[in-house]
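The values are calculated or read from the model by the stated rules, or taken from the named source; none is laboratory data. What you are looking at is a predicted structure, and each value in this text was computed from that prediction instead of being measured. Neighbour counts are summed over all protein chains in view; Cβ atoms, including those assigned to glycine, are modelled from backbone coordinates with ideal geometry. To get the accessible areas, we keep the full protein, side chains included, count just its heavy atoms, and leave off ligands, DNA and RNA. Shrake-Rupley method; radii C 1.70, N 1.55, O 1.52, S 1.80 Å.
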Amino acid sequence: MTPRALDGAARAPGFGRAGAALLTCALLCLAPVLFARQALSAPGAIRVGYLGTSADAGIFIALDKGYFAEQGLSISPERFGVGADQMALLGAGRLEVASGAPSPTLFNAIARGLPVVVVADKGSLRKGFGFNVLVVRKALVDAGQFKTLGDLRGRVLGSASPASIVSFENYLALKKGGLTLKDVTVEYLEFADQPAAMANGKIDAAVMVEPFATASESRGIGTMVMTFDQILPDFQVSVIYYNTGWARAHPEDARRWMIAYVKALRYYNEALRTREVRDDVIGIMTARTSIKDRAVWEKMIWPGLNPDGAVAVRGLLDYQRWLLNGRQISEFVPAARFLDPSYVEHAVEILGR
């Protein structure tokens, strides 16, 4: 049974917090089986999980600009639907590097002693960089059936996974409208599938990540009504993870990977200021993601990627408290246990701040 199949089980009616806990347990307990069943990459290749969203820009730039190759590294990228799908494979050594939103699966894995750790930024909601966006079906907005967040009552809300950080964002958006998750129906869909689901009326609203939010609005499918930098300023919505066993066994590879990645983050941030670099980055992203329209990338809200790769910790601690209160994690994991900043610090020493 694959992580995606397990996530599909979470879509069954009645799946709640207890189900989320069972899903986490299943993902972690099946890690050795998943590892045994997966085909191996080329010898020496570093297997890197990604999602195919705008926040993967650092990984894609490092690949296409040859920054990993400069460091003497061979990379085997593998696409996943959500970050939580990667955690069992990362813990089993099936991936050396993973990416995506911190989730209950992460904190439960660390509490159980699995060899996973957060090492770098892969997207935060800095002011003006609210690339997680609440999108509402345009037909509802045009008909006057959606005017405030309270109008989500009784609607179908799309969400990436019960183990996704989007569940926290849904909670906050609904709370702002005087609602709870009990007031809506949640339909679980991968980010890339949400625009089509909204187009055919399967979902009424969703917290979409870019470029899918802007693509939905550009196609006349949805209306972008709220960016999450408004209610979760500076929140760390996506990160890079290492398998700690691999990083300890191959410390130079782990450090070199991060040098290449931080160099790519610098190039990405230069694209925010320089037309020529922006054109290059848009070309890389249209080639590497399912959104091929350059106009969408010109118009969309770009993710906040720290040019030094640093992780914004405070919001993750607040998120953990929410998870603990909802009994989605077994214990509170302090930052010293889930974060190792030494790799980005080394990269900054090499590249300069």
Original post:
When the residues of the range 319-340 are filtered to those that are buried (at least 18 other Cβ atoms within 10 Å of the Cβ) and not aliphatic (A, V, I, L, M), which remaining residue is farthest from Tyr171 (Cα to Cα)?
Top reply: Asp340
Original post:
Any residue at all in the range 303-311 that is among the β-branched types (Val, Ile, Thr), surrounded by fewer than 21 Cβ atoms within 10 Å (Cβ to Cβ) and closer than 21 Å to Tyr50 by Cβ?
Top reply: no
Subject >> Boolean, Ala98 is in a loop (DSSP other than H, G, I, E, B), under 29 Å from Ala196 (Cα atoms) and of a type in the set (A, V, I, L, M) >> reply: no
Subject >> All positions within the range 214-271 that are touching a helix residue (DSSP H, G or I) at 6+ places or on another chain (Cβ under 8 Å) and small (Gly, Ala, Ser) >> reply: Ala215, Ser216, Ser218, Gly220, Gly222, Ser238, Ala247, Ala254, Ala260, Ala264, Ala271
Subject >> Entirely in the range 134-221, the strands (runs of 3 or more DSSP E) that have 2 or more residues that are open to solvent by less than 20 Å² (accessible area, probe 1.4 Å) >> reply: 156-159, 205-209
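Ser99 - would you say it is closer than 14 Å to Tyr319 by Cβ and small (Gly, Ala, Ser)?
When the stated conditions are applied, Ser99 does not pass them.
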**OP:** Take the residues in the range 274-302 that are surrounded by fewer than 17 Cβ atoms within 10 Å (Cβ to Cβ) and not in a helix (DSSP H, G or I), then tell me which one is farthest from the chain's Cα centre (by Cα).
**Re:** Thr274
**OP:** Could you please tell me which pairs satisfy a Cβ distance under 7 Å, a separation of 6+ or placement on different chains, a first residue in the range 318-331 that is on the phi > 0 side of the Ramachandran plot, and a second residue that is open to solvent by 80 Å² or more (accessible area, probe 1.4 Å)?
**Re:** Arg327/Arg17
Original post:
Looking at Lys263, is it of a type in the set (Lys, Arg) and outside any helix (DSSP H, G or I)?
Top reply: no
Original post:
Among the residues of the range 74-85, is there at least one that is modelled with pLDDT of 95 or more, part of a helix (DSSP H, G or I) and either under 21 Å from Ser164 (Cβ atoms) or open to solvent by 10 Å² or more (accessible area, probe 1.4 Å) (or both)?
Top reply: no
Original post:
If you go through the range 315-326 one residue at a time, do you hit one that is within 17 Å of the chain's Cα centre (by Cα) and more than 26 Å from Thr227 (Cα to Cα)?
Top reply: no
**OP:** Take the range 228-243 and flag every residue that is open to solvent by 30 Å² or more (accessible area, probe 1.4 Å) and either of a type in the set (Asp, Glu) or not in a loop (DSSP other than H, G, I, E, B) (or both).
**Re:** Asp234
Subject >> One residue from Gly128, Gly93 being within 21 Å of Ala310 (Cβ to Cβ), surrounded by fewer than 24 Cβ atoms within 10 Å (Cβ to Cβ) and of a type in the set (Gly, Ala, Ser) >> reply: Gly128
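Table: residues versus (1) within 18 Å of Ala101 (Cα to Cα); (2) aliphatic (A, V, I, L, M); (3) modelled with pLDDT of 95 or more.
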{"position": "Ala160", "(1), (2), (3)": "yes, yes, no"}
{"position": "Thr185", "(1), (2), (3)": "no, no, yes"}
{"position": "Glu210", "(1), (2), (3)": "yes, no, no"}
{"position": "Gly222", "(1), (2), (3)": "no, no, yes"}
{"position": "Val225", "(1), (2), (3)": "no, yes, yes"}
{"position": "Gln236", "(1), (2), (3)": "yes, no, yes"}
{"position": "Arg256", "(1), (2), (3)": "no, no, yes"}
{"position": "Tyr261", "(1), (2), (3)": "yes, no, yes"}
Original post:
Taking the range 249-273 on its own, how many of its residues are crowded, with 22+ Cβ neighbours inside 10 Å and more than 19 Å from Ala55 (Cβ to Cβ)?
Top reply: 3
Original post:
Looking only at residues in the range 96-116 that are open to solvent by 10 Å² or more (accessible area, probe 1.4 Å) and touching a Ser or Thr at 6+ places or on another chain (Cβ under 7 Å), which one is farthest from Trp297 (Cα to Cα)?
Top reply: Ala111
Subject >> Pairs, first farther than 10 Å from Ala57 by Cβ in the range 265-292, second acidic (Asp, Glu), C-beta under 6 Å, six or more apart >> reply: Val277/Glu270
